[in-house]
Amino acid sequence: MTDQSTANRGTSTRIISDFLQRRREQIAQRWADEALFRTVFTVSRDEAAEAAGSLVEALASVALSGRIEDLRAPGFTGVREQLTRMAGSRARGGAAPSQIADEVAALRPSITDLLITDLAGSDGEAPGPHVITLTVLMGTLRLFVMETALSAGEEIIDRQRVQLLEVATPVIKLWSGIVAVPLIGTLDSARSQVVMESLLEAIVDQQAKFAILDITGVPTVDSLVAQHLMKTVAAARLMGAECIVSGIRPAIAQTIVHLGIDLGSVITRASLADALAYALHQEGAVIVDRATGAGGPR
(Lines give C-alpha, C1' and ligand atoms only; values in the text may rest on other atoms or scores of the structure.)
Protein backbone atom coordinates (compact mmCIF):
# COMPACT_ATOMS: atom_id res chain seq x y z
CA MET A 1 0.00 0.00 0.00
CA THR A 2 1.49 3.38 -1.05
CA ASP A 3 1.90 6.33 1.30
CA GLN A 4 -0.96 8.11 -0.48
CA SER A 5 -3.24 5.08 -0.14
CA THR A 6 -2.33 4.77 3.52
CA ALA A 7 -3.12 8.45 4.06
CA ASN A 8 -6.41 8.14 2.21
CA ARG A 9 -7.38 5.13 4.25
CA GLY A 10 -6.46 6.90 7.48
CA THR A 11 -8.65 9.82 6.49
CA SER A 12 -11.51 7.47 5.61
CA THR A 13 -11.34 5.58 8.92
CA ARG A 14 -11.43 8.87 10.83
CA ILE A 15 -14.47 9.98 8.83
CA ILE A 16 -16.20 6.67 9.58
CA SER A 17 -15.33 6.97 13.27
CA ASP A 18 -16.76 10.49 13.36
CA PHE A 19 -19.88 9.34 11.49
CA LEU A 20 -20.48 6.49 13.95
CA GLN A 21 -20.08 8.77 16.94
CA ARG A 22 -22.41 11.45 15.55
CA ARG A 23 -25.08 9.01 14.39
CA ARG A 24 -24.82 6.64 17.33
CA GLU A 25 -28.42 7.06 18.49
CA GLN A 26 -29.92 6.77 15.02
CA ILE A 27 -27.91 3.66 14.23
CA ALA A 28 -28.74 2.12 17.61
CA GLN A 29 -32.46 2.67 17.04
CA ARG A 30 -32.27 1.04 13.60
CA TRP A 31 -30.25 -1.91 14.86
CA ALA A 32 -32.58 -2.50 17.81
CA ASP A 33 -35.19 -3.72 15.30
CA GLU A 34 -32.78 -6.07 13.51
CA ALA A 35 -32.94 -9.83 14.22
CA LEU A 36 -29.59 -9.99 16.04
CA PHE A 37 -30.79 -7.66 18.79
CA ARG A 38 -34.54 -8.28 18.59
CA THR A 39 -34.21 -12.03 19.22
CA VAL A 40 -31.86 -11.57 22.18
CA PHE A 41 -33.46 -8.63 23.95
CA THR A 42 -37.07 -9.78 23.78
CA VAL A 43 -38.31 -8.00 26.91
CA SER A 44 -37.16 -4.43 26.38
CA ARG A 45 -36.46 -2.60 23.14
CA ASP A 46 -34.64 0.09 25.12
CA GLU A 47 -32.23 -2.57 26.31
CA ALA A 48 -31.67 -3.65 22.71
CA ALA A 49 -31.01 -0.05 21.66
CA GLU A 50 -28.57 0.42 24.53
CA ALA A 51 -26.67 -2.73 23.54
CA ALA A 52 -26.64 -1.59 19.91
CA GLY A 53 -25.32 1.78 20.99
CA SER A 54 -22.44 0.14 22.85
CA LEU A 55 -21.57 -1.80 19.72
CA VAL A 56 -21.60 1.39 17.60
CA GLU A 57 -19.22 3.04 20.08
CA ALA A 58 -16.91 0.04 19.87
CA LEU A 59 -16.88 0.21 16.06
CA ALA A 60 -16.12 3.93 16.24
CA SER A 61 -13.11 3.16 18.46
CA VAL A 62 -11.89 0.45 16.07
CA ALA A 63 -12.24 2.84 13.10
CA LEU A 64 -10.39 5.58 14.96
CA SER A 65 -7.50 3.19 15.63
CA GLY A 66 -7.30 2.45 11.90
CA ARG A 67 -7.26 -1.33 12.59
CA ILE A 68 -10.54 -2.05 10.82
CA GLU A 69 -9.43 -5.53 9.71
CA ASP A 70 -8.00 -6.60 13.07
CA LEU A 71 -10.14 -8.94 15.18
CA ARG A 72 -7.91 -8.09 18.15
CA ALA A 73 -8.31 -4.32 17.85
CA PRO A 74 -8.67 -2.76 21.32
CA GLY A 75 -12.04 -1.28 20.42
CA PHE A 76 -13.60 -4.75 20.40
CA THR A 77 -12.47 -5.46 23.96
CA GLY A 78 -15.28 -3.46 25.51
CA VAL A 79 -18.03 -5.36 23.71
CA ARG A 80 -16.46 -8.82 23.68
CA GLU A 81 -18.39 -9.88 26.79
CA GLN A 82 -21.63 -8.41 25.44
CA LEU A 83 -21.23 -10.13 22.06
CA THR A 84 -20.32 -13.38 23.80
CA ARG A 85 -23.57 -13.26 25.78
CA MET A 86 -25.55 -12.40 22.66
CA ALA A 87 -23.93 -15.12 20.56
CA GLY A 88 -24.39 -17.61 23.40
CA SER A 89 -28.05 -16.68 23.69
CA ARG A 90 -28.59 -17.16 19.96
CA ALA A 91 -26.66 -20.46 20.02
CA ARG A 92 -28.77 -21.77 22.92
CA GLY A 93 -31.82 -20.73 20.92
CA GLY A 94 -30.72 -23.07 18.15
CA ALA A 95 -29.13 -20.55 15.78
CA ALA A 96 -26.12 -21.85 13.84
CA PRO A 97 -22.96 -19.70 13.62
CA SER A 98 -23.69 -19.06 9.93
CA GLN A 99 -27.17 -17.76 10.80
CA ILE A 100 -25.73 -15.47 13.47
CA ALA A 101 -23.17 -14.23 10.92
CA ASP A 102 -26.00 -13.46 8.47
CA GLU A 103 -27.79 -11.49 11.19
CA VAL A 104 -24.63 -9.40 11.67
CA ALA A 105 -24.40 -8.88 7.91
CA ALA A 106 -28.00 -7.63 7.95
CA LEU A 107 -26.87 -4.68 10.09
CA ARG A 108 -24.83 -3.20 7.23
CA PRO A 109 -27.50 -1.97 4.73
CA SER A 110 -29.21 0.42 7.14
CA ILE A 111 -25.96 1.93 8.35
CA THR A 112 -24.62 2.22 4.78
CA ASP A 113 -27.74 4.09 3.66
CA LEU A 114 -27.33 6.47 6.59
CA LEU A 115 -23.67 7.05 5.71
CA ILE A 116 -24.47 7.86 2.06
CA THR A 117 -27.20 10.29 3.17
CA ASP A 118 -24.83 11.84 5.67
CA LEU A 119 -22.06 12.33 3.10
CA ALA A 120 -24.46 13.75 0.51
CA GLY A 121 -24.47 16.97 2.47
CA SER A 122 -20.66 17.25 2.41
CA ASP A 123 -19.27 19.29 -0.47
CA GLY A 124 -17.01 17.28 -2.76
CA GLU A 125 -17.10 14.20 -0.52
CA ALA A 126 -17.36 11.04 -2.66
CA PRO A 127 -19.08 8.30 -0.65
CA GLY A 128 -17.44 5.34 -2.47
CA PRO A 129 -14.15 5.03 -0.49
CA HIS A 130 -15.93 5.54 2.84
CA VAL A 131 -18.59 2.95 2.01
CA ILE A 132 -15.79 0.49 1.29
CA THR A 133 -14.13 1.32 4.64
CA LEU A 134 -17.44 0.82 6.45
CA THR A 135 -18.00 -2.47 4.58
CA VAL A 136 -14.58 -3.73 5.65
CA LEU A 137 -15.28 -2.71 9.25
CA MET A 138 -18.64 -4.50 9.28
CA GLY A 139 -17.00 -7.55 7.69
CA THR A 140 -14.50 -7.64 10.56
CA LEU A 141 -17.37 -7.38 13.02
CA ARG A 142 -19.02 -10.34 11.27
CA LEU A 143 -15.87 -12.43 11.63
CA PHE A 144 -15.52 -11.35 15.25
CA VAL A 145 -19.08 -12.44 16.06
CA MET A 146 -18.63 -15.75 14.20
CA GLU A 147 -15.53 -16.47 16.26
CA THR A 148 -17.42 -15.58 19.42
CA ALA A 149 -20.41 -17.72 18.40
CA LEU A 150 -18.20 -20.73 17.74
CA SER A 151 -16.54 -20.34 21.14
CA ALA A 152 -19.93 -20.01 22.83
CA GLY A 153 -21.19 -23.08 20.97
CA GLU A 154 -18.19 -25.10 22.12
CA GLU A 155 -18.77 -24.02 25.72
CA ILE A 156 -22.42 -25.10 25.49
CA ILE A 157 -21.43 -28.48 24.06
CA ASP A 158 -18.81 -29.01 26.78
CA ARG A 159 -21.32 -28.07 29.48
CA GLN A 160 -23.94 -30.42 28.02
CA ARG A 161 -21.36 -33.21 27.81
CA VAL A 162 -20.56 -32.80 31.50
CA GLN A 163 -24.27 -32.73 32.37
CA LEU A 164 -24.85 -35.94 30.39
CA LEU A 165 -21.93 -37.60 32.16
CA GLU A 166 -23.39 -36.62 35.52
CA VAL A 167 -26.81 -37.93 34.57
CA ALA A 168 -25.28 -41.15 33.28
CA THR A 169 -23.42 -41.75 36.55
CA PRO A 170 -25.93 -41.28 39.38
CA VAL A 171 -24.92 -42.01 42.96
CA ILE A 172 -27.71 -43.82 44.82
CA LYS A 173 -28.17 -44.09 48.55
CA LEU A 174 -29.08 -47.74 49.17
CA TRP A 175 -29.03 -47.68 52.95
CA SER A 176 -27.81 -45.53 55.77
CA GLY A 177 -24.05 -45.34 55.22
CA ILE A 178 -24.18 -47.27 51.93
CA VAL A 179 -24.07 -45.64 48.47
CA ALA A 180 -23.80 -47.18 45.01
CA VAL A 181 -22.93 -46.14 41.46
CA PRO A 182 -24.56 -48.38 38.83
CA LEU A 183 -22.36 -47.93 35.75
CA ILE A 184 -23.89 -48.47 32.31
CA GLY A 185 -22.06 -48.13 29.01
CA THR A 186 -18.45 -47.53 28.07
CA LEU A 187 -16.09 -45.95 30.56
CA ASP A 188 -13.52 -43.45 29.35
CA SER A 189 -11.18 -41.08 31.19
CA ALA A 190 -13.66 -38.18 31.32
CA ARG A 191 -16.54 -40.30 32.60
CA SER A 192 -14.30 -42.15 35.07
CA GLN A 193 -13.25 -38.79 36.52
CA VAL A 194 -16.90 -37.79 36.93
CA VAL A 195 -17.62 -41.15 38.61
CA MET A 196 -14.81 -40.62 41.09
CA GLU A 197 -15.79 -37.03 41.89
CA SER A 198 -19.49 -37.87 42.26
CA LEU A 199 -18.78 -40.88 44.45
CA LEU A 200 -16.39 -39.00 46.74
CA GLU A 201 -18.88 -36.15 47.13
CA ALA A 202 -21.61 -38.67 48.00
CA ILE A 203 -19.34 -40.37 50.55
CA VAL A 204 -18.83 -37.03 52.30
CA ASP A 205 -22.48 -35.91 52.04
CA GLN A 206 -23.92 -39.25 53.17
CA GLN A 207 -21.10 -40.07 55.60
CA ALA A 208 -20.99 -43.41 53.83
CA LYS A 209 -18.91 -46.31 55.14
CA PHE A 210 -19.45 -48.44 52.04
CA ALA A 211 -19.43 -47.51 48.35
CA ILE A 212 -20.51 -50.00 45.69
CA LEU A 213 -19.33 -49.75 42.09
CA ASP A 214 -21.64 -51.94 40.04
CA ILE A 215 -20.25 -52.66 36.56
CA THR A 216 -22.98 -55.05 35.42
CA GLY A 217 -23.83 -52.66 32.59
CA VAL A 218 -20.25 -52.08 31.45
CA PRO A 219 -19.73 -54.09 28.23
CA THR A 220 -15.94 -54.41 28.34
CA VAL A 221 -13.11 -53.76 30.74
CA ASP A 222 -9.63 -52.98 29.45
CA SER A 223 -6.49 -52.03 31.33
CA LEU A 224 -7.42 -48.32 31.30
CA VAL A 225 -10.89 -48.95 32.75
CA ALA A 226 -9.42 -51.27 35.37
CA GLN A 227 -6.90 -48.59 36.36
CA HIS A 228 -9.70 -46.07 36.76
CA LEU A 229 -11.63 -48.51 38.96
CA MET A 230 -8.57 -49.11 41.12
CA LYS A 231 -8.01 -45.35 41.49
CA THR A 232 -11.64 -44.87 42.50
CA VAL A 233 -11.38 -47.67 45.07
CA ALA A 234 -8.19 -46.13 46.49
CA ALA A 235 -9.75 -42.66 46.63
CA ALA A 236 -12.83 -44.00 48.43
CA ARG A 237 -10.61 -45.67 51.00
CA LEU A 238 -8.79 -42.40 51.60
CA MET A 239 -12.19 -40.88 52.35
CA GLY A 240 -12.84 -43.60 54.94
CA ALA A 241 -15.21 -45.78 52.90
CA GLU A 242 -14.78 -49.40 51.85
CA CYS A 243 -15.35 -49.83 48.12
CA ILE A 244 -17.00 -52.94 46.70
CA VAL A 245 -16.98 -53.79 43.00
CA SER A 246 -19.96 -55.85 41.87
CA GLY A 247 -21.27 -57.23 38.60
CA ILE A 248 -18.04 -58.73 37.27
CA ARG A 249 -19.35 -61.10 34.60
CA PRO A 250 -17.41 -64.20 33.47
CA ALA A 251 -16.17 -62.57 30.26
CA ILE A 252 -14.90 -59.53 32.15
CA ALA A 253 -13.30 -61.75 34.80
CA GLN A 254 -11.39 -63.60 32.06
CA THR A 255 -10.28 -60.31 30.51
CA ILE A 256 -8.97 -59.06 33.86
CA VAL A 257 -7.02 -62.28 34.35
CA HIS A 258 -5.56 -62.13 30.83
CA LEU A 259 -4.52 -58.52 31.37
CA GLY A 260 -2.72 -59.54 34.55
CA ILE A 261 -4.57 -56.96 36.64
CA ASP A 262 -4.45 -57.67 40.36
CA LEU A 263 -7.77 -57.02 42.08
CA GLY A 264 -6.75 -59.02 45.13
CA SER A 265 -7.05 -56.01 47.44
CA VAL A 266 -10.54 -55.14 46.12
CA ILE A 267 -13.70 -56.62 47.58
CA THR A 268 -15.79 -58.05 44.75
CA ARG A 269 -19.25 -59.56 44.61
CA ALA A 270 -21.19 -61.17 41.78
CA SER A 271 -24.16 -58.79 41.88
CA LEU A 272 -25.32 -55.52 43.36
CA ALA A 273 -27.62 -57.46 45.71
CA ASP A 274 -24.67 -59.50 47.01
CA ALA A 275 -22.61 -56.34 47.49
CA LEU A 276 -25.45 -54.69 49.43
CA ALA A 277 -25.90 -57.81 51.56
CA TYR A 278 -22.17 -57.83 52.34
CA ALA A 279 -22.20 -54.16 53.36
CA LEU A 280 -25.29 -54.64 55.55
CA HIS A 281 -23.71 -57.66 57.22
CA GLN A 282 -20.59 -55.62 57.95
CA GLU A 283 -22.88 -53.07 59.58
CA GLY A 284 -24.28 -55.80 61.81
CA ALA A 285 -27.52 -56.49 59.95
CA VAL A 286 -28.68 -60.05 59.33
CA ILE A 287 -29.91 -60.82 55.82
CA VAL A 288 -32.55 -63.53 55.67
CA ASP A 289 -33.51 -65.29 52.44
CA ARG A 290 -37.27 -65.76 52.76
CA ALA A 291 -37.25 -68.58 50.24
CA THR A 292 -34.89 -70.73 52.32
CA GLY A 293 -35.07 -69.05 55.72
CA ALA A 294 -31.27 -68.95 55.79
CA GLY A 295 -29.45 -65.88 56.96
CA GLY A 296 -25.93 -64.62 57.24
CA PRO A 297 -23.22 -62.99 55.17
CA ARG A 298 -23.17 -63.28 51.38
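Values for this structure:
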{"read-out": "Meets criteria (assigned by TED's automatic domain parsing to the domain that holds LEU150 and at pLDDT 90 or above) for ASP33", "value": "yes"}
{"read-out": "Candidate set: the stretch 82-123, residues that are of a type in the set (D, E, K, R) and touching a helix residue (DSSP H, G or I) at 6+ places or on another chain (Cβ under 7 Å); chosen: the one surrounded by the most Cβ atoms within 10 Å (Cβ to Cβ)", "value": "ARG90"}
{"read-out": "GLY177 within 30 Å of the chain's Cα centre (by Cα), at positive phi and assigned by TED's automatic domain parsing to the domain that holds THR232", "value": "no"}
{"read-out": "Residue in the stretch 228-243 that is among the β-branched types (Val, Ile, Thr), under 21 Å from THR169 (Cα atoms) and surrounded by 12 or more Cβ atoms within 10 Å (Cβ to Cβ) present", "value": "yes"}
{"read-out": "Those residues of the stretch 213-260 which are assigned to a loop (DSSP other than H, G, I, E, B) and under 30 Å from the mean Cα position of the chain (by Cα), in sequence order", "value": "VAL218, PRO219, THR220, VAL221, ASP222"}
{"read-out": "Answer residue from the stretch 12-24, given it is closer than 12 Å to LEU114 by Cα and not hydrophobic (A, V, I, L, M, F, W, C) and is surrounded by the fewest Cβ atoms within 10 Å (Cβ to Cβ) among those", "value": "ARG22"}
{"read-out": "Residues of the stretch 71-81 satisfying the condition of being crowded, with 16+ Cβ neighbours inside 10 Å and part of a helix (DSSP H, G or I)", "value": "GLY75, PHE76, VAL79"}
{"read-out": "Test: residue in the stretch 25-34 that is in contact with a helix residue (DSSP H, G or I) (Cβ under 9 Å, 6 or more places away or on another chain), exposed (fewer than 14 other Cβ atoms within 10 Å of the Cβ), β-branched (Val, Ile, Thr) and in a helix (DSSP H, G or I)", "value": "no"}
{"read-out": "Of all residues in the stretch 169-215 being of a type in the set (Val, Ile, Thr) and in contact with a Gly (Cβ under 7 Å, 6 or more places away or on another chain), the one that is farthest from LEU276 (Cα to Cα)", "value": "ILE184"}
{"read-out": "Of all residues in the stretch 103-154 being at pLDDT 90 or above and of a type in the set (D, E, K, R), the one that is farthest from ARG38 (Cα to Cα)", "value": "ASP113"}
{"read-out": "Residue selected from the stretch 35-48 under the condition among the aliphatic types (A, V, I, L, M) and without any contact (Cβ under 8 Å) to a residue 24 or more places away in the chain, by the criterion surrounded by the fewest Cβ atoms within 10 Å (Cβ to Cβ)", "value": "VAL43"}
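Residue-wise test of (1) within 11 Å of ILE16 (Cβ to Cβ); (2) of a type in the set (Phe, Trp, Tyr); (3) in contact (Cβ under 8 Å) with a residue 40 or more places away in the chain; (4) not assigned by TED's automatic domain parsing to the domain that holds ASP33.
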position	(1), (2), (3), (4)
LEU64	yes, no, yes, no
ASP70	no, no, yes, no
ALA87	no, no, yes, no
VAL104	no, no, yes, no
THR117	no, no, no, no
ALA120	no, no, no, no
THR140	no, no, yes, no
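The values are calculated or read from the model by the stated rules, or taken from the named source; none is laboratory data. Because the structure is a prediction, the values reported are computed rather than measured. Don't worry about glycine lacking a Cβ; one is built from the backbone with ideal geometry, like all the others, and counts go over all protein chains shown.
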